[in-house]
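Peer 1: There's a structure below that I have some questions on.
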Amino acid sequence: MTEASRHYDACETRDPQAREAALMEALPAQIATAKARSAYFVELLKDVDADAVDSRAALAKLPVTRKSDLLTIQPKSLPFGGLNGTAPGQLARIFMSPGPIYDPEGRRPDYWRFARALYAAGFRAGEIVHNCFSYHLTPAGSMVESGAHALGCAVVPAGVGQTDLQLRAIADIRPNGYGGTPSFLKILVDKAREEGVDISSLKKALVSGEAFLPAQRADLKAAGVMARQCYGTADLGLVAYESEAEDGLIADEDLIIEILRPGTGDPVEAEGEVGEVVVTLLECDYPLIRFATGDLSAVLPGISPCGRTNMRLRGWLGRADQVTKIRGMFVHPVQVTAAVKKHPAIAKARLVVDHDGTSDDMLLEVEVADATLLSQDALLEDLRASTKLRGRLVLIAPGTLPADAKTIEDRRKVG
């Protein structure tokens with residue numbers, strides 16, 4: 001395979017500084033587009049000078065819009081709450097995700113930008129994709145189909161379920177690869193083996209929608225299917241994808257990713273620190289600015305061994321909300337952060353939840369360089385006022401907490 005054929009386009013192997021410069025050059029225009037076309041962002045960014053938002057530092061000063069907020073934002077002006085930059089009747093499709101949350105699809109080819117992920121998974125023009133992502137109201141099926149069409153592939157719109165019919169279609173049509181969840185692919189592989197159905201044409205797969213465990217990858221590889229994973233959302237489309245290096249998920253070229261401290265609008269302090277994935281999407285139909293996905297990840301250092309030079313994510317590491325029920329009360333990271341932020345002497349903090357055999361125990365660990373600058377009683381009172389629960393406190397030296405420390409760590413055993 002030639003170097004050129006290994007990558008979808010030249011953008012993937014750009015000098016990282018050139019890519020960053022291009023993204024920052026495009027950012028002011030995107031802010032201006034959002035303010036001009038989206039009723040929601042007109043109001044949210046009314047005091048923002050778009051031309052001044054030309055760096056990550058400037059972007060970090062803008063407000064965050066959380067996916068969880070869409071449940072209250074969209075009903076104010078259905079279907080999109082004014083976040084859309086294109087009128088609903090001028091879109092190609094309108095989807096409904098659980099919530100419900102409504103998601104637009106514009107009329108551009110490969111609107112969701114999935115061709116890049118499919119290419120990295122080994123799909124090429126003239127091949128057939130057996131697409132088992134849902135086609136019912138949610139956009140996953142359309143994401144893969146539009147990407148496959150952009151590559152020049154044919155698509156079997158299989159959707160989910162009906163295992164026997166799926167196996168018949170694979171045996172008859174002989175598709176080259178699969179798109180869908182890894183668990184359903186494993187079901188198809190196992191069922192085909194059990195019933196003696198030949199699905200050996202499936203040599204590759206792009207999987208998403210759930211965790212892709214090492215054991216699943218090994219089982220599929222043993223069955224002759226080389227599977228790569230990708231990460232996307234119904235709002236954003238493709239966010240990051242895996243290559244043959246199988247070493248992290250490489251960010252898509254058409255968005256700006258930030259990793260923020262959960263419950264805040266602040267970027268994490270160090271590369272590798274776990275935080276919430278927040279995306280600014282460089283497109284006009286749904287011009288999302290600092291859109292907080294609710295997913296946790298972290299940036300991997302360096303570039304991928306495959307030669308793609310964009311930022312890499314460790315993959316999905318859980319949910320950023322980390323909502324934890326303690327003594328019958330739900331505690332959110334933002335509540336912990338609100339209490340901690342009142343005390344500038346604190347460098348970093350973590351709330352550890354455990355069970356002492358009788359009741360839940362809530363311990364706040366705080367990194368403090370000079371204990372005399374912190375009122376412990378005031379901090380505990382602020383924690384109680386924020387969470388409605390009493391907790392304990394321990395002071396630790398700066399640098400003690402790991403880079404990937406969550407705001408709330410639940411150590412209680414399940415079951």
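The values are calculated or read from the model by the stated rules, or taken from the named source; none is laboratory data. Given the structure is predicted, the values throughout are model-derived calculations rather than measurements. All Cβ positions, even for glycine, are placed from backbone atoms using ideal geometry, and neighbour counts span all protein chains on display.
Peer 1: Exactly one condition in (1) at pLDDT 95 or above; (2) closer than 22 Å to S97 by Cα is false for K204; which is it?
Peer 2: Of everything listed in (1) at pLDDT 95 or above; (2) closer than 22 Å to S97 by Cα, K204 misses just condition (2).
Peer 1: Oh, and also: Of all residues being of a type in the set (A, V, I, L, M, F, W, C) and over 23 Å from the mean Cα position of the chain (by Cα) in the stretch 22-43, which is nearest to A150 (Cα to Cα)? Just the residue, please.
Peer 2: Going through the stretch 22-43, the residues of a type in the set (A, V, I, L, M, F, W, C) turn out to be 22-24, 26-27, 29, 31-32, 34, 36, 39, 41-42.
Still in the running and over 23 Å from the mean Cα position of the chain (by Cα): 29, 32, 36, 39, 42.
Values: A29: 26, A32: 29, A36: 30, A39: 31, V42: 33 Å.
Checking each candidate, the answer is A29.
Peer 1: For the condition crowded, with 19+ Cβ neighbours inside 10 Å, touching a residue at least 40 places away in the same chain (Cβ under 8 Å) and among the aliphatic types (A, V, I, L, M), what is the one hit in M329, M311?
Peer 2: Details: M329 fails: crowded, with 19+ Cβ neighbours inside 10 Å.
That would be M311, the only listed residue that is crowded, with 19+ Cβ neighbours inside 10 Å, touching a residue at least 40 places away in the same chain (Cβ under 8 Å) and among the aliphatic types (A, V, I, L, M).
Peer 1: Among the residues in the stretch 388-404, are any under 28 Å from the mean Cα position of the chain (by Cα), surrounded by 13 or more Cβ atoms within 10 Å (Cβ to Cβ) and modelled with pLDDT under 90?
Peer 2: Within the stretch 388-404, one or more residues are under 28 Å from the mean Cα position of the chain (by Cα), surrounded by 13 or more Cβ atoms within 10 Å (Cβ to Cβ) and modelled with pLDDT under 90.
Peer 1: Still on this model: In the stretch 92-109, how many are surrounded by 19 or more Cβ atoms within 10 Å (Cβ to Cβ) and modelled with pLDDT of 95 or more?
Peer 2: Of the residues in the stretch 92-109, the ones surrounded by 19 or more Cβ atoms within 10 Å (Cβ to Cβ) are 95, 101-105.
Subset that is modelled with pLDDT of 95 or more: 95, 102-105.
The qualifying residues number 5.
Peer 1: Against the condition crowded, with 16+ Cβ neighbours inside 10 Å, outside any loop (DSSP other than H, G, I, E, B) and in contact with a strand residue (DSSP E or B) (Cβ under 7 Å, 6 or more places away or on another chain), how does A338 come out, does it pass?
Peer 2: Numbers: crowded, with 16+ Cβ neighbours inside 10 Å: yes; outside any loop (DSSP other than H, G, I, E, B): yes; in contact with a strand residue (DSSP E or B) (Cβ under 7 Å, 6 or more places away or on another chain): no.
In short, no.
Peer 1: Further question on the same structure: Would you check if D235 is assigned by TED's automatic domain parsing to the domain that holds V207 and closer than 29 Å to A218 by Cβ?
Peer 2: Numbers: assigned by TED's automatic domain parsing to the domain that holds V207: yes; closer than 29 Å to A218 by Cβ: no.
Spelling it out, it is not the case that D235 is assigned by TED's automatic domain parsing to the domain that holds V207 and closer than 29 Å to A218 by Cβ.
Peer 1: A follow-up question, please. Does the stretch 295-302 contain at least one residue that is within 13 Å of the chain's Cα centre (by Cα), outside any strand (DSSP E or B) and either among the small types (G, A, S) or surrounded by 23 or more Cβ atoms within 10 Å (Cβ to Cβ) (or both)?
Peer 2: Pass one, the stretch 295-302, residues within 13 Å of the chain's Cα centre (by Cα): 295-299.
Narrowing the set further to residues that are outside any strand (DSSP E or B) leaves 298.
With the extra rule that they be either among the small types (G, A, S) or surrounded by 23 or more Cβ atoms within 10 Å (Cβ to Cβ) (or both), the set shrinks to 298.
Among the residues of the stretch 295-302, at least one is within 13 Å of the chain's Cα centre (by Cα), outside any strand (DSSP E or B) and either among the small types (G, A, S) or surrounded by 23 or more Cβ atoms within 10 Å (Cβ to Cβ) (or both), which makes the answer yes.
Peer 1: Of the residues that sit in the stretch 350-384 and are assigned to a loop (DSSP other than H, G, I, E, B) and among the polar types (S, T, N, Q), which one is surrounded by the most Cβ atoms within 10 Å (Cβ to Cβ)? Don't jump to the end; show me each part of the working.
Peer 2: Filtering the stretch 350-384 down to residues assigned to a loop (DSSP other than H, G, I, E, B) leaves 356-359, 369-370, 374-375.
Narrowing the set further to residues that are among the polar types (S, T, N, Q) leaves 358-359, 375.
On the way: T358: 6, S359: 9, S375: 13.
Once the filter is applied, the top-ranked residue is S375.
Peer 1: Check the stretch 161-182 and report whether any residue there is crowded, with 18+ Cβ neighbours inside 10 Å, of a type in the set (D, E, K, R) and farther than 18 Å from V129 by Cβ.
Peer 2: no
Peer 1: Identify all residues within the stretch 69-114 that are part of a loop (DSSP other than H, G, I, E, B) and of a type in the set (S, T, Y); write none if there are none. It would help to see each step written out before you state the result.
Peer 2: At the first step, the residues of the stretch 69-114 found to be part of a loop (DSSP other than H, G, I, E, B) are 77-87, 91-92, 98-100, 106-114.
S77, T86, Y111, listed by residue number.
Peer 1: Being closer than 21 Å to I94 by Cα, touching a Ser or Thr at 6+ places or on another chain (Cβ under 8 Å) and surrounded by 23 or more Cβ atoms within 10 Å (Cβ to Cβ) is true for just one of A158, A140. Which residue is that?
Peer 2: On the way: A158 fails: touching a Ser or Thr at 6+ places or on another chain (Cβ under 8 Å).
Exactly one residue qualifies, and that residue is A140.
Peer 1: Going through A205, A115, A211 one at a time, which residue ends up being aliphatic (A, V, I, L, M) and loosely packed, with under 15 Cβ neighbours inside 10 Å? Talk me through it step by step, then tell me what you get.
Peer 2: On the way: A205 fails: loosely packed, with under 15 Cβ neighbours inside 10 Å; A115 fails: loosely packed, with under 15 Cβ neighbours inside 10 Å.
Just one listed residue meets the conditions, A211.
Peer 1: Got at least one residue in the stretch 243-255 being modelled with pLDDT of 95 or more, within 18 Å of V144 (Cα to Cα), surrounded by fewer than 18 Cβ atoms within 10 Å (Cβ to Cβ) and not charged (D, E, K, R)?
Peer 2: no
Peer 1: Return yes or no: is S38 of a type in the set (S, T, Y) and over 26 Å from P267 (Cβ atoms)? Give the derivation first.
Peer 2: Values: of a type in the set (S, T, Y): yes; over 26 Å from P267 (Cβ atoms): no.
In short, no.
Peer 1: Related question: Please verify whether G147 is of a type in the set (G, A, S), under 19 Å from G224 (Cβ atoms), in the same structural domain as G106 (by TED's automatic domain parsing) and surrounded by 15 or more Cβ atoms within 10 Å (Cβ to Cβ), treating the condition exactly as stated.
Peer 2: On the way: of a type in the set (G, A, S): yes; under 19 Å from G224 (Cβ atoms): no; in the same structural domain as G106 (by TED's automatic domain parsing): yes; surrounded by 15 or more Cβ atoms within 10 Å (Cβ to Cβ): yes.
When the stated conditions are applied, G147 does not pass them.
Peer 1: Here's another thing I want to ask about it. Go through (1) surrounded by 19 or more Cβ atoms within 10 Å (Cβ to Cβ); (2) of a type in the set (S, T, N, Q); (3) in contact with a helix residue (DSSP H, G or I) (Cβ under 8 Å, 6 or more places away or on another chain) for Q30 and report which single condition fails.
Peer 2: (3)
Peer 1: Please state which one of D51, D110 is in contact with a helix residue (DSSP H, G or I) (Cβ under 9 Å, 6 or more places away or on another chain) and at positive phi.
Peer 2: Numbers: D51 fails: at positive phi.
Of the residues listed, the single one that is in contact with a helix residue (DSSP H, G or I) (Cβ under 9 Å, 6 or more places away or on another chain) and at positive phi is D110.
Peer 1: Further question: Would it be correct to say that G126 is assigned to a loop (DSSP other than H, G, I, E, B) and either surrounded by fewer than 18 Cβ atoms within 10 Å (Cβ to Cβ) or not aliphatic (A, V, I, L, M) (or both)? Break it down into steps so the answer makes sense when it comes.
Peer 2: Details: assigned to a loop (DSSP other than H, G, I, E, B): yes; either surrounded by fewer than 18 Cβ atoms within 10 Å (Cβ to Cβ) or not aliphatic (A, V, I, L, M) (or both): yes.
The answer is yes for G126.
Peer 1: Examine the stretch 226-233 for a residue that is closer than 30 Å to A50 by Cα and among the basic types (K, R), and state whether such a residue exists. Working first, answer last.
Peer 2: First, pick out the residues of the stretch 226-233 that are closer than 30 Å to A50 by Cα: 231-233.
Still in the running and among the basic types (K, R): none.
No, there is no match, as no residue in the stretch 226-233 is closer than 30 Å to A50 by Cα and among the basic types (K, R).
Peer 1: Need pairs with beta-carbon distance below 6 Å; first residue aliphatic (A, V, I, L, M) and within the stretch 198-213, second part of a loop (DSSP other than H, G, I, E, B); sequence gap 6+ or separate chains.
Peer 2: Qualifying pairs under 6 Å: L202/V225; A205/V225; L206/A121.
Peer 1: Based on this model, can you work out whether T400 counts as hydroxyl-bearing (S, T, Y), outside any strand (DSSP E or B) and in contact with a helix residue (DSSP H, G or I) (Cβ under 9 Å, 6 or more places away or on another chain)?
Peer 2: On the way: hydroxyl-bearing (S, T, Y): yes; outside any strand (DSSP E or B): yes; in contact with a helix residue (DSSP H, G or I) (Cβ under 9 Å, 6 or more places away or on another chain): no.
No; evaluated as a whole, the condition is false for this residue.
Peer 1: I'd like to check something: does the stretch 374-394 contain any residue that is touching a residue at least 60 places away in the same chain (Cβ under 8 Å) and over 23 Å from G275 (Cα atoms)? Break it down into steps so the answer makes sense when it comes.
Peer 2: Restricting attention to the stretch 374-394, the residues satisfying the condition of being touching a residue at least 60 places away in the same chain (Cβ under 8 Å) are 387, 389.
Then keep just the ones that are over 23 Å from G275 (Cα atoms); that gives 389.
Among the residues of the stretch 374-394, at least one is touching a residue at least 60 places away in the same chain (Cβ under 8 Å) and over 23 Å from G275 (Cα atoms), which makes the answer yes.
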